[in-house]
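Here is the structure we will look at.
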Amino acid sequence: MPAPYAIMAEFETPAAVLHAAEKVQETGYRHWDVFTPFPVHGMDRAMGIRNSKVGWFSFIGGCTGYTTGMLMIWYMNSHNYPIVIGGKPMFSPFYSFPPSYELTILFGSFGALLGMLFLNRLPRLHHPLLKNRRFALATHDRFFVVIESTDPKYSENETRRLLETIGSKHIEVVEE
Amino acid sequence: MDDNAAIKVQAPPVELERVPLVANQRGIGWLSDQIAGVVEGKTPGWWKICFVISFTMMTVCFVMILYLMSTGVGVWGLGHPVMWGWAIVNFVWWIGIGHAGTLISAILFLLRQRWRTSINRAAEAMTIFAVMCAGIFPLIHIGRIWYGWWLFPIPNSFSIWPQFRSPLMWDVFAVSTYFTVSVLFWYMGLIPDLAVMRDRAKTKIRKFGYGLFALGWRGSNRHWSNYEKAYLILAGLSTPLVLSVHSIVSLDFSVSQLPGWHTTIFPPYFVAGAVYSGFGMVLTLLVPLRRMLKLEDIIRVRHVELMCKVTLATGSIVGYAYAMEFFIAWYSGNPYERFQFFETRAADPFILAPLMHIKPAPYWWAFWTMVTCNVIVPQFFWFKKIRTTMLAVFVLSILVNVGMWFERFVIVDISLHREFIPSNWNYYSPTWVDICQYLGTFGLFFTFFLLFIRYVPLIAIAEVKGVTPQADPHHPLGGAKIGGGH
């Protein structure tokens, strides 16, 4: 028999899973997660999740974009092959602003999306939970609390008992 | 659940109750079933008919491009001084239509307009396909399409670089960024819904296909936390982007010296017009779709009504801009400006031309079609009766886009055909190639849109679930399995 990956407890409503998450957090588990069909309001606080770091990725992307735009235009129109056009200056931050502005947004957006995927360690097409049939309901209308076996406090009986007392009607062990 | 009983949440008084965003107290699971059912069910007959027509028209689009490439831009009705004909009109028109999608997905998100969730996916798809149609025109209007790469900063041995002092180059960056960011935003919103499709899939191909693009999304709350932040940032970035795109498109005109183009109010006026036409297109698409796909409980009459209100607001801004253009033309005292607006645009043969003792304007009918459709038509949306009558909304929404097409025609071609020197004047008419090329882009647009509604959930499932009352754990119904009346 394969090693257990985690214990999975099913809940039927957002309120129930929110209270369950509060209890699990209080008990001191660390390698655990809540799975919901949509982001549940207040869940981050209940799980003790800090503000996401995606913003930094986006910020660095945006700065890179703006600098790239300005340097690119300076290099092309003023350094590598300067041509006088309409008596306008070879380089000016004003005419180079619109393309640099667009590149700021472009790189910032890539930063946000790729940063999100990186922080979430996605794409990951193979995962023990995705093999579990019942777990497919996590994208439908059920809510799951999953406590991983790598958690220092994990013990099959203790953890199961905790999840039962919180009010889960369906608990099962997910295999690796 | 015991500690929850201590918190007594009172329902709001009846007069403050809002119309629920999802009708008939539907549960969360029902939303998945209904929306995914559109993709999973049998292909409807009307879909096949529409697809054949659209595909044929799309072929016409490509044949016309081929004809243009093999012969030259002479196949269009261009001729001095009108060197920007339908191609630029269509470009601005299509890109304007795209703007509603980003407005709905980004600006309404920042403004916490929760009704956007029912319509944002389809509107974003509309944006992407409209920008694709738009992108064709500037590329092919250069005539020698094989030199199109000159527009992009690609290193080459001749050091031929794009000339960034021209607003046309700004446009290249604005439009390509707009397309890319719209696709990113759309795709990111799709990830949780593709996971829904993956988990429901009955066949191996579907499981693999949706599973691949869902990137292994599991609905983890630690993921949702990053996801929501990234979504917020993308909305925050898309908002200045959408405002900048049509502003930069308008700079293509307003930076020049031509009366009728050289106007400082162009950026906000173009953005308002773009949002107006975009909402027109969203209504044209969704009013019939909600009925044919049985999504009336999710895209409610209330959603249509709210969209009508946005159309009314932006349409009125457009009307104000028209009035301001005329006022400034008169107030500036510049004879060329006055000539452009009063004698070249507005002078109709029945009232104004006889009153002013001048010859009627050659394109007076185009100008007055524009005014009728863009100034008068949206005013019907003041009436609740009209906003809630789907047939009326559908017809008016089409008139909105007729009007907006004529607006671009008026700006681009009427301004060009009579400029400073009378010996430079000419009358411009399109050729059959112009017309077929334009109709062909409808084929392209609808082919992609039909494929979209058939293969991708056309409503953001996860987002709509999130705005139902039973999705909020702090709401009195937070524990309910079915939705309530609030």
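Conditions tested, residue by residue: (1) surrounded by 15 or more Cβ atoms within 10 Å (Cβ to Cβ); (2) farther than 30 Å from A:Glu12 by Cβ.
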{"residue": "B:Gly27", "(1), (2)": "yes, no"}
{"residue": "B:Trp30", "(1), (2)": "yes, no"}
{"residue": "B:Phe51", "(1), (2)": "yes, yes"}
{"residue": "B:Ser54", "(1), (2)": "yes, yes"}
{"residue": "B:Tyr67", "(1), (2)": "no, yes"}
{"residue": "B:Thr71", "(1), (2)": "no, yes"}
{"residue": "B:Gly77", "(1), (2)": "yes, yes"}
{"residue": "B:Met83", "(1), (2)": "no, yes"}
{"residue": "B:Ala106", "(1), (2)": "yes, yes"}
Flagged in the stretch B:247-259 as touching a residue at least 40 places away in the same chain (Cβ under 8 Å), part of a helix (DSSP H, G or I) and under 27 Å from B:Arg338 (Cβ atoms), in numbering order, are B:Val249, B:Leu251, B:Asp252, B:Phe253
Condition set among the small types (Gly, Ala, Ser) and part of a helix (DSSP H, G or I), scope the stretch B:56-90, selection nearest to B:Met404 (Cα to Cα): answer is B:Ala87
Just for the stretch A:22-37: of the residues that are within 15 Å of B:Trp224 (Cα to Cα) and not acidic (Asp, Glu), which one is surrounded by the fewest Cβ atoms within 10 Å (Cβ to Cβ)? A:Trp32
Single residue of the stretch B:156-174 satisfying the filter (over 29 Å from B:Ser238 (Cα atoms) and not small (Gly, Ala, Ser)) that is surrounded by the most Cβ atoms within 10 Å (Cβ to Cβ): B:Ile160
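Please count how many residues of the stretch A:51-85 are under 18 Å from B:Tyr231 (Cβ atoms) and out of contact with any Lys or Arg (no Cβ under 6 Å at 6 or more places or on another chain).
From the stretch A:51-85, those under 18 Å from B:Tyr231 (Cβ atoms) are A:51-59, A:61-62; that's our starting set.
Within this subset, residues satisfying the condition of being out of contact with any Lys or Arg (no Cβ under 6 Å at 6 or more places or on another chain) are A:51, A:53, A:55-59, A:61-62.
So the count comes out to 9.
Can you tell me how many residues in the stretch A:19-33 are in a helix (DSSP H, G or I), over 22 Å from B:Gly27 (Cα atoms) and within 11 Å of chain B (Cβ to nearest Cβ)?
Just the residues of the stretch A:19-33 that are in a helix (DSSP H, G or I), to begin with: A:19-27.
Now restrict to residues that are over 22 Å from B:Gly27 (Cα atoms): A:21-27.
Subsequent filtering for residues that are within 11 Å of chain B (Cβ to nearest Cβ) retains A:21-23.
Result for the stretch A:19-33: 3.
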The stretch A:116-142: number of residues that are touching a residue at least 40 places away in the same chain (Cβ under 8 Å) and at the interface with another protein chain (Cβ under 7 Å from one of its Cβ atoms): 7
Single match in B:Thr239, B:Thr311, B:Thr284, B:Thr263 (criterion: within 30 Å of B:Glu40 (Cβ to Cβ), hydroxyl-bearing (Ser, Thr, Tyr) and touching a residue at least 24 places away in the same chain (Cβ under 8 Å)): B:Thr284
Among the numbered criteria (1) over 15 Å from B:Gly96 (Cα atoms); (2) out of contact with any Cys (no Cβ under 6 Å at 6 or more places or on another chain); (3) basic (Lys, Arg), which one does B:Arg408 miss? (1)
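Among B:Ala361, B:Ala366, which is modelled with pLDDT of 90 or more, outside any helix (DSSP H, G or I) and among the small types (Gly, Ala, Ser)? Write out each step before concluding.
Working: B:Ala366 fails: outside any helix (DSSP H, G or I).
Only one candidate passes the filter, namely B:Ala361.
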Taking the stretch B:201-216, which residues are more than 7 Å from chain A (Cβ to nearest Cβ) and assigned to a loop (DSSP other than H, G, I, E, B)? B:Ala201, B:Lys202, B:Thr203
Looking for whichever is crowded, with 20+ Cβ neighbours inside 10 Å, β-branched (Val, Ile, Thr) and within 30 Å of A:Met43 (Cβ to Cβ) here; the options are A:Thr165, A:Thr139. Which one fits? A:Thr139
Can you find a residue in the stretch A:94-108 that is within 25 Å of B:Pro155 (Cβ to Cβ), of a type in the set (Phe, Trp, Tyr), facing chain B (nearest Cβ under 7 Å) and part of a helix (DSSP H, G or I)? yes
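Conditions (1) assigned to a loop (DSSP other than H, G, I, E, B); (2) loosely packed, with under 14 Cβ neighbours inside 10 Å, marked per residue:
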{"position": "B:Arg112", "(1), (2)": "yes, yes"}
{"position": "B:Thr117", "(1), (2)": "no, no"}
{"position": "B:Arg121", "(1), (2)": "no, no"}
{"position": "B:Glu124", "(1), (2)": "no, no"}
{"position": "B:Phe129", "(1), (2)": "no, no"}
{"position": "B:Met132", "(1), (2)": "no, no"}
{"position": "B:Gly135", "(1), (2)": "no, no"}
{"position": "B:Trp149", "(1), (2)": "no, yes"}
{"position": "B:Pro153", "(1), (2)": "yes, no"}
Among the residues of the stretch A:5-18, is any touching a His at 6+ places or on another chain (Cβ under 8 Å), more than 10 Å from every other protein chain (Cβ to nearest Cβ) and of a type in the set (A, V, I, L, M, F, W, C)? yes
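Scanning for something more than 14 Å from chain A (Cβ to nearest Cβ) and more than 24 Å from B:Asp33 (Cα to Cα), does the stretch B:150-170 turn up at least one residue? Show your work before the answer.
As a first pass, look at the stretch B:150-170 and keep what is more than 14 Å from chain A (Cβ to nearest Cβ): none.
The answer is no; no qualifying residue exists.
Please work out which residue is farthest from the other protein chains (Cβ to nearest Cβ), limiting yourself to the stretch A:38-92 and to residues that are aromatic (Phe, Trp, Tyr) and exposed (fewer than 13 other Cβ atoms within 10 Å of the Cβ). Working first, answer last.
In the first step, residues of the stretch A:38-92 are kept if they are aromatic (Phe, Trp, Tyr); the result is A:38, A:56-57, A:59, A:66, A:74-75, A:81, A:91.
Filter again for exposed (fewer than 13 other Cβ atoms within 10 Å of the Cβ), leaving A:56, A:81.
Working: A:Trp56: 10, A:Tyr81: 4 Å.
Looking at residues that are aromatic (Phe, Trp, Tyr) and exposed (fewer than 13 other Cβ atoms within 10 Å of the Cβ), I get A:Trp56.
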Output the number of the condition that A:Ala15 fails; it satisfies all remaining conditions of (1) within 30 Å of B:Ile461 (Cα to Cα); (2) modelled with pLDDT of 90 or more. (2)
Of the numbered conditions (1) facing chain A (nearest Cβ under 8 Å); (2) under 19 Å from the mean Cα position of the chain (by Cα), B:Phe179 fails exactly one; give the number of that condition. (1)
What single numbered condition from (1) aliphatic (A, V, I, L, M); (2) away from chain A (no Cβ under 14 Å); (3) crowded, with 24+ Cβ neighbours inside 10 Å fails to hold for B:Ile142? (3)
Helices (runs of 4 or more DSSP H) enclosed by the stretch B:375-457 - at least 1 residues per element that are among the aromatic types (Phe, Trp, Tyr) and under 26 Å from B:Ala87 (Cβ atoms): B:390-409, B:432-455
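The values are calculated or read from the model by the stated rules, or taken from the named source; none is laboratory data. Bear in mind the structure is a predicted one, so any value in this text is a computation, not a measurement. Every residue, glycine as well, gets a Cβ built from its backbone with ideal geometry; the counts of neighbours run over all protein chains shown.
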